[in-house]
Structures are given as C-alpha cells and as structure tokens.
Amino acid sequence: MDAQASWTGGTGRGGGTRPDIDVAIIGTGFSGLGIAIALKKAGRHDFRIFEKADEVGGTWRDNHYPGCACDVPSHLYSFSFEPNPDWSRMYSPQPEIWRYLRHCADKYALRPHIRFGCEILRAVFDEARALWVLTDRTGAQTTARVVVSGMGGLSRPAYPSLPGLEGFQGTSFHSADWNHDYDLAGKRVAVIGTGASAIQFVPAIAPHVGQLTLFQRTPPWVLPKADRPVRRWEMALMRALPPLQYLWRGAIYCMMESRAYAFTRNVKLMARVAEMATRHLEQAIPDPVLRARLTPDYTPGCKRLLISNDYYPALNRPNVHVETAGIETVTATGIRTRDGVEHPVDAIIFGTGFKATDVLSPTEIVGRGGRSLNAEWDRGAAAYLGTVVAGYPNMFFLMGPNTGLGHNSMVYMIESQIRYVMDALRQLDRRRWRALDVAPAVQAAYNDALQGEIAHTVWQSGCKSWYLTEDGRNPTVWPGFTFSFRRRTRRVDLNDFDHVSSNPTVAGS
Ligand code: NAP
C-alpha cells in the first residue's frame, strides 16, 4: 500500500516513549477473556484488561433475567481450548455460562491483569508516539501500543420512547437490568417485546405473576428447542475421553453451519423452516385467534430465529394475554392501546433489546488526524474483516461490524478474530514495526463486496430488525459460512495495511 506521508510517528519500544502497557483490552466477556488467554499462551504478559463492572462475564454477567440461557448448544458455545464436560444441559442456563467465564479467568490467572470498576471513556491515538492514550471515568490515563475492544455490540439496553412513560407510577425495568428485588408474585405485569430475551423470561415468570399482558409488535418465528439435561454417563464419558467432546462439538458445529446456506445463499429454503415453525405453533396453540396473532408474515431468519419449548405453552395460560393492538400511551397506572383499551399494570418489563447501532457509546474513539470513529460509525459501522478500521492503527474490534450470526456460535467468530489479532502482533514484532493501519481502499472494497453479498441474504428479505440501520444498510451480520470467515482471518495480509516503522523516518507499505 502507498505510504501515508503524514504518518512519521513511532519511536519504538526502547527507542523513546514507552507505553505503560503493550496491549489494552476492554471488556471481560468471551472476547476480552479470549484474547487475554491467547496473549498469555503466547508468552505476552504485558497487557491489562479494563472492566467497568466488578466481575468478569460481559453479557453473561449483565443478563440474569429469569430463564436466561443461550440458544446455541453449550458444547459449542464455549472456548474450543477450554471444553467443559460438566454442562448440565444441551443449552445451559446463564448462571453456568457466567460460572464458566469466571472459571476461565481463574484458570488462566487473568484476574491480576484486570482493573475492575474501570470504564474507558476515551481512546485517542497519539500519532507522534504511535500509541493509544486511554482515559477512564476517573480521568486517569494509560498508554498502550495496541487496543483490543471486547465491548460487544449488545451491552446497552434500548428503552422504547413511549409517550407517558415518565409518568408511570409502577415499577419498570429492562430484561438486561432485571430487578430481582421486585416481587412479581400476584402482580399485573406488562411485557413489551417478543424477541430472544422475552421468549425466555415470559415462560419463567408467567406462573408467578397475577396477570401478564404481552405487548407484541411483531411475532417471532419459533422453532422447537432440542434441549435436555446432559446425562451423568455422558459427562463421565466426556471427562474420561476428551476427544469425544471435540467430536460432539464438531458435530454440533457442522449441523448448525449447514443452516448458513439457507440464511445466506438460498433464502427459498427458509420455506422449510416456516413449515416446521408453523407446525410447532399449531401443535402448541389450539386457539385459532391466538394462533393467527402469533403467525409471522415475514421470512424466517430475517429477524433472529428463536427456539423454545415453553414460550407458546406459557401464552396458553389463562393469566397471559397477547396484546397486538399497539401501544398508544403509558398512563400513571398502566398502558392504553390504540383501540382505546386501558390495561392496568403494576410493572412494565422491557424486552425491547439493545442499542445495536450505537455500539461504541459511551466510549469515544479518536484516530489519526483527530477523526472520530463515533461520528464515522454513526452513519453505519464498517470495518475490515470485522476487526480493523482505517485510520485507527493497532486497534482491533472483536465482534466488530459484520461479524454477527443468525445460525451459529459467536464464540467461533471471536476465536477467528483472536487468531487474526495474534498474527498482527507477531507481524509487528517480526518486522519491528510500531503500528498497522488497514488501507482505506482495502476497507472500502471489502465493504462494497460485503454489502453486495448481504443483498441476497435473508436479513434483507423485507423485515425491520436491529440488524439494519435506518437506511437499510446491514452493518451487523456476516453473510456467509463461518469457516470462510476463519479462512479469511487466518493470517494478516500485510498488503492490506499501511504501517509505521520503529524507525521514525520510515513510514509506508
Ligand atoms: P430484540 O430481539 O431486539 O427484540 C426486541 C423486541 O422488542 C421485539 O419484539 C421488538 O418488536 C420489541 N420492541 C422494541 N421496541 C418496541 C416498541 N417501542 N414497542 C413495542 N415493541 C417494541 O431484543 P432481545 O430479545 O433482547 O434480543 C436481542 C439480541 O440479543 C438477540 O437477537 C440475540 O442476538 C441476543 N440474545 C441472545 C440470546 C441467546 O440465547 N443467545 C438471548 C437473548 C438475546 P419488533 O420485532 O416489532 O421490532
């Protein structure tokens, strides 16, 4: 790539200003812990992890609503290098996944590297020194050669802007900020939203509340969940013969991966999914009026395809009502729908998802020449291979733009990206370069091709979802097979990058 004439910074470690740490990691979910473990395994101990909370776990720490579980089988939704023969179920509940992440932090001795209660609010690239200056909430600064963001895309709850909400006199909270002190027993509860979170907590709370009114805007497609407890002898076998667990994991991966074809290549195959989900609905909901309300009118997979065996049965309960009239306003004592009906409630629970298009906030990221990533991504996030962004050297995003999946485990994508970051570090060291910055033309060509591919996927088949920006662009999903993402991120191709040398007089390709 052409040299960036303006970029002559970088005096090298030992050649001038040394950063406080080599690698700064933000977040302690699967991404942050995963890259930290990879660094340790590579003998790179000069890193620090910044975690805004007081414990590790990311989304699996923050989401603790009743019924919270992962909708990807646990033997796949875990690190490939840290198999867990003790998963209690095929789809283990949140407390187990969170425990697993704490186990990883302990086993790999990561805690001494973690600054808990430390939220990074600003990361600014200092071009003269070719390093990042991170500022936390207290104003304290840390400099680092490399920054790896493990902030995740779904960490900030989205509250709907409903008229009258501020005047509601009852209790209200979000699924991602569950109020366990509030006793739901016997209460009249409104649930807003019918996405992946709501279909997990509605069956968990329905037997306990007095009355549950589920405000549905769009019905989800729901498939049966092949969940069951893992048998004791299966656990014992996996413990005794670890390769068995890898085989099991591989089989689950292949089964899930085969679905990518329908999501991304031949959307017509989703008709088969619609048949299966319709049969599931028909078997579970005898009332034709309720069944009609719960029947989606868009292609399965366009919004996240859900799996549950207890969601529909919960909606059959006499104390549960599915309301589709649309919310007109929230009153002091309840919710009024557009048909003029008042629904008195004691509590409102928002299952309304996350601010997925504003992934950086509240962290402000400033790159070369004072450019603002927040401003650039305001128009729709874009990166190269979901990991690096032109103008922000040595900054890596795990679970970055267009790495999301509708069909398989995100941990697989995260591990692919971790390999890529580790290769970038090796390349920097081998060549004694200070920094790598992906070339703008490479990033632009990549995204043009990506959006072209996305145009033919299920996510663009006409529904409204959190995957899309207001103008219909999709900065969220990976439009292909996960193994092709892994192949493309296997190595850093230096032809894609500009670099700055340790020798401040050398900048270029
Ligand atoms: P979501 O999928 O974005 O669903 C939000 C729900 O709230 C939708 O039903 C939406 O209706 C509704 N809604 C939003 N604003 C509304 C308004 N103003 N009035 C009425 N309804 C409104 O959120 P989520 O369920 O929290 O899931 C988000 C993502 O988190 C998932 O897609 C998944 O990636 C992840 N997740 C994963 C798991 C797992 O098991 N792995 C579990 C939970 C969440 P519309 O559909 O009409 O917009």
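The values are calculated or read from the model by the stated rules, or taken from the named source; none is laboratory data. Since this is a predicted model, take the numbers as computed values, not measurements. Cβ sites come from the backbone with ideal geometry, for glycine too, and all protein chains shown count toward neighbours. The accessibility values were calculated without ligands, DNA or RNA, using every heavy atom of the protein model including side chains. Shrake-Rupley method; radii C 1.70, N 1.55, O 1.52, S 1.80 Å.
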Against the 2.2 N^0.38 Å scaling, with N counting residues, where does the range 311-359 land? I'd like the Cα-based Rg ratio to two decimal places. 1.41
Quotient of Cα Rg and 2.2 N^0.38 Å for the range 244-328, N being how many residues it contains: 1.37
C-alpha long axis of helix 410-431 to longest principal axis of the chain, angle in °: 10 degrees
Ranked by how many other beta carbons lie within 10 Å on average, peptides 440-448, 94-102 from highest: 94-102, 440-448
What do you get for the angle between helix 30-41 and the principal long axis of the chain? Use alpha-carbon atoms, 0 to 90 degrees, nearest ten. 40 degrees
Taking Lys and Arg as +1 and Asp and Glu as -1, residues besides E96 with C-beta under 11 Å from its C-beta add up to +2
Near G164, within a Cβ-to-Cβ distance under 10 Å, what is the net charge of the other residues, with Lys and Arg +1 and Asp and Glu -1? -1
Grab the DSSP H runs of the chain that are 4 residues or longer, score each as -39,500 (n - 2.57), total them, divide by all residues and round the 222 nm result to the nearest 500 deg cm²/dmol. -8000 deg cm²/dmol
Hey, if we sort T59, T28 by accessible area with the 1.4 Å probe, largest down, what's the order? T59, T28
When ranked by the protection proxy of mean other Cβ atoms within 10 Å per residue, highest first, what sequence do the peptides 263-274, 374-385 form? 374-385, 263-274
Cα long-axis angle, helix 440-454 against the chain (0 to 90 degrees, to the nearest 10): 20 degrees
Cα shape, the range 364-497, gyration tensor, a/c 1.5 rule: oblate
Using the Cα gyration tensor of the range 130-181, with a ≥ b ≥ c the square roots of its eigenvalues, what is the shape: rounded (a/c below 1.5), prolate (a/b larger than b/c) or oblate (neither)? prolate
Gain in length, A109 to D177, computed as 0.36 nm per residue apart minus the alpha-carbon separation, to one decimal in nm? 21.6 nm
Orphan Cys of the chain, criterion: no other Cys C-beta under 4.7 Å: C68, C70, C104, C118, C254
Computed for the chain: size of charge dipole around the Cα centre, +1 on C-beta of each Lys and Arg, -1 on C-beta of each Asp and Glu, debye to nearest 20, value 1460 debye
Ranked highest first by average number of other Cβ atoms within 10 Å, how do 239-246, 158-165 line up? 158-165, 239-246
For the range 153-257, shape from the Cα gyration tensor axes a ≥ b ≥ c, cut at a/c of 1.5 then a/b versus b/c, turns out prolate
Would you kindly compute the Cα radius of gyration of the range 198-347 and its largest Cα-Cα separation (Dmax), both in Å? 19.6, 63
I'd like the accessible area for D429, computed on protein heavy atoms only with a 1.4 Å probe and all protein chains in place. Round to 10 Å², please. 70 Å²
How big is the chain on each of its three principal axes, counting only the C-alpha atoms and giving the largest first in Å? 75, 56, 44
